[in-house]
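One structure is given here, and the rest of the page talks about it.
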2 protein chains.
Amino acid sequence: MTMKIDPQSSADLSAQIAQAIRDAIISGQLIVDERLPSESELADQFKVSRPTVREALKRLAAQSLIRTQRGATGGAFVNRLSFEDAYSQQVTTSTLLLSMNAVNFDTACEARYALERACAPLSAQRRTADQLATMRAEIFRQAQPGLTDEAFCASDVAFHRALVDGAGNPVLSYQLAGAVEAMQPLMNMITFTARSREQIIALHTAIADALETQDARKVDAALVKLEVYTRQLAQDVAEKRRKPA
Amino acid sequence: MTMKIDPQSSADLSAQIAQAIRDAIISGQLIVDERLPSESELADQFKVSRPTVREALKRLAAQSLIRTQRGATGGAFVNRLSFEDAYSQQVTTSTLLLSMNAVNFDTACEARYALERACAPLSAQRRTADQLATMRAEIFRQAQPGLTDEAFCASDVAFHRALVDGAGNPVLSYQLAGAVEAMQPLMNMITFTARSREQIIALHTAIADALETQDARKVDAALVKLEVYTRQLAQDVAEKRRKPA
DNA sequence: CAATTTTTATTTGTCTGACATTTAAAAGTC
DNA sequence: GACTTTTAAATGTCAGACAAATAAAAATTG
C-alpha cells in the first residue's frame, strides 16, 4: 500500500493526506478493519511530521472513516461505517443545513412529507406489531396533559421514525433520518401554539389505524392532511408575527 | 463566549473540544462567519496545547463546519454549510455505507426508487424547460454507440438528477443525492450486460415525455417499470453467477 | 499630498523532540 | 501451570520554535 500526495498542490498537507487515505478507503485499497501504518510510519511515507499526520487522521475520525486504539497493538483502523453513525451524521448535517440557510418552511415541509409518503406504502405492507405498538405508545404519550413542548416534539419524531422504520428498509430509514429529525427545531417554532395537539393526535391515530389494517391509501391520505395542517399552522404563525394583534 | 469541557471524561481532549465548539455552532452561540478565538487563545481557554486545539479544529473542518484563513486577519470562521457541501458529504457517506455493509441490491434499489417516485409528482408539475432539455440531452448521449459503461452510468445519474432537481426543492435534491449517486457503483455491476441500454433509453424517453406533458401518473408508471427492470437484471446477473453456463 | 513600497504584527501551517498513558505480549516468579 | 512483573509499541499530549501568508501600519518617493 503506497499512497502519494501531489507536491504541487497548495492545500494543507493534512488535508491532502486525509484525502489520499480517504481515496484508498473508498476505492477498496484499504479494507474494513485493516490497520493503517503507525503515525510515525505514515509521517515517513508522506515525508511530513507526526502532528501533520495526526491532523489528517483526526479529519478522517470526524467522518467515522477510521477509529483509533491506544496501546501495543493499537493504531488507526478502517472503520465499518455503521447505519447508526451515518444516521447521526446525516441528522447533524441536515440540522445545520436548515438552520444556516434560512430554508423556507414550506420547502422543508414539502420535502419531508414527500419522502415520508414514499415510505407509507411499504410501511403499510410490512410494519411489525412492535413498530405499531411503538406508535400507539407515542400517541398515548402525546395525549398526556403535562407534556412539555420539547417532549411532545420528541415524541412526534419518535412516532414518525417508527412509521419510516416500518418500511423495513434500513437504507430508506437512513435516508429519511435528516428529513424527519432535522425538522424538529423548525417544528418547535410552531407547536408552541398548544391547541394544535388534539388535531395532530387525531391524525397520528388515523395513521396508526390505517397501518394496522394495512391500508396504504388511508395512510397517505392522513399524511397529506398532516402536511396541510402543518403548513396552515406555519402560515398562521407567520401572519400573527406580521401583525401582532 | 465561554465553552467548557468535562475534565472527567475519558475521551480525547481534541474530540471533546471539537464537540464543545460544534455544540456552540449548532445551538447558535456561534453564528455564521463569526471568527473563533485564535488557536493560542483557544489553547489557553481550554487549558490544552495548541496541537490539541488544532486537531479539534481539523475535525470541524472535515465536516465543513469551519474554514480557516492564514494571515494577520485570519483565523477559523464558522462556515455556512452550503447545499453543495452537504450534497457531496451525503454522497460520500452513502457510498461508503453501501459498499461497507454489503447492502442487499434489492434493498438499495427499493429505497432509491421509492424516494425518486416521491419527487415525480412535483417534478411533473414544476420541471423547467431547461431541466427537460438536460434530460433529452442525456438520453441522446446514452444512445451513442461508442459510449463506455462508465460514461453511460454517469449520464444515467445526470438524467435522474435532473428529474429530482425538477421538483424545484433544494432540500429534496439534497436528500436524494445519496440515493441517486451512491447507487452508481452498484449499478455498474449490472450495466456491463450491455444489451439493456435500449430498454433503459426507452424508459428514460417515456419519463421525459411524461414530464413534458406534466403527466405525473405516467412518470410514476415509467419509474416503476424501470425499477422492475433493474431488479430483474440484478437477479439475472446473480443467477448467472450462481451457475456460470 | 498621494501613491507606492517597505516594514511589522498576527495568525495559521509545519517541524522537532520529548514525555505520559494505555495496552498486550513477553519475561520472570512462585 | 498460574500469576505477577517487565517491556515494548502505539497513541495522546505538551512545549517551543520557525515558516509562510496576509493585512494593516509605517516609511518612502514622485
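Kindly indicate whether A:A102 is more than 16 Å from DNA strand D (Cβ to nearest atom), without any contact (Cβ under 8 Å) to a residue 40 or more places away in the chain, within 12 Å of chain B (Cβ to nearest Cβ) and of a type in the set (G, A, S).
So A:A102 passes the test.
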How many residues does the stretch A:13-54 hold that are at the interface with chain B (Cβ under 9 Å from one of its Cβ atoms), within 19 Å of B:A15 (Cβ to Cβ) and open to solvent by less than 20 Å² (accessible area, probe 1.4 Å)? 2
Among the candidates B:V53, B:V48, residue that is among the β-branched types (V, I, T), assigned to a loop (DSSP other than H, G, I, E, B) and modelled with pLDDT of 95 or more: B:V48
Kindly evaluate B:T92 against the criterion of being touching a residue at least 24 places away in the same chain (Cβ under 8 Å), polar (S, T, N, Q) and open to solvent by 40 Å² or more (accessible area, probe 1.4 Å). no
Collect the residues in the stretch B:163-179 that are more than 8 Å from every other protein chain (Cβ to nearest Cβ) and open to solvent by 10 Å² or more (accessible area, probe 1.4 Å), keeping them in residue-number order. B:D165, B:G168, B:S173
Among all residue pairs at least 6 apart or on different chains, which show Cβ distances below 8 Å where the first residue, located in the stretch B:176-195, is outside any helix (DSSP H, G or I) and the second is modelled with pLDDT of 70 or more and open to solvent by less than 50 Å² (accessible area, probe 1.4 Å)? B:A182/B:V91; B:A182/B:S94; B:A182/B:T95; B:A182/B:L97; B:A182/B:L98; B:F192/B:D149; B:T193/B:L233; B:T193/B:V237
Out of B:R59, B:R117, sole residue that is under 29 Å from B:L172 (Cα atoms), in the same structural domain as B:D236 (by TED's automatic domain parsing), out of contact with any strand residue (DSSP E or B) (no Cβ under 6 Å at 6 or more places or on another chain) and basic (K, R): B:R117
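Among the candidates A:R80, A:R67, A:R22, single out the residue that is touching a residue at least 12 places away in the same chain (Cβ under 8 Å) and within 12 Å of DNA strand D (Cβ to nearest atom). Give the steps one after another, and end with the answer.
Numbers: A:R80 fails: within 12 Å of DNA strand D (Cβ to nearest atom); A:R22 fails: within 12 Å of DNA strand D (Cβ to nearest atom).
The conditions single out A:R67.
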Among the residues of the stretch A:77-85, is any buried (at least 21 other Cβ atoms within 10 Å of the Cβ), small (G, A, S) and under 27 Å from B:A24 (Cα atoms)? no
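The values are calculated or read from the model by the stated rules, or taken from the named source; none is laboratory data. None of these values were measured; they are calculated from a predicted model. So basically every Cβ, Gly included, is an ideal-geometry build from the backbone, and we count neighbours across all protein chains shown. Ligands, DNA and RNA are excluded from the accessible area calculation, which covers all protein heavy atoms including side chains. Shrake-Rupley method; radii C 1.70, N 1.55, O 1.52, S 1.80 Å.
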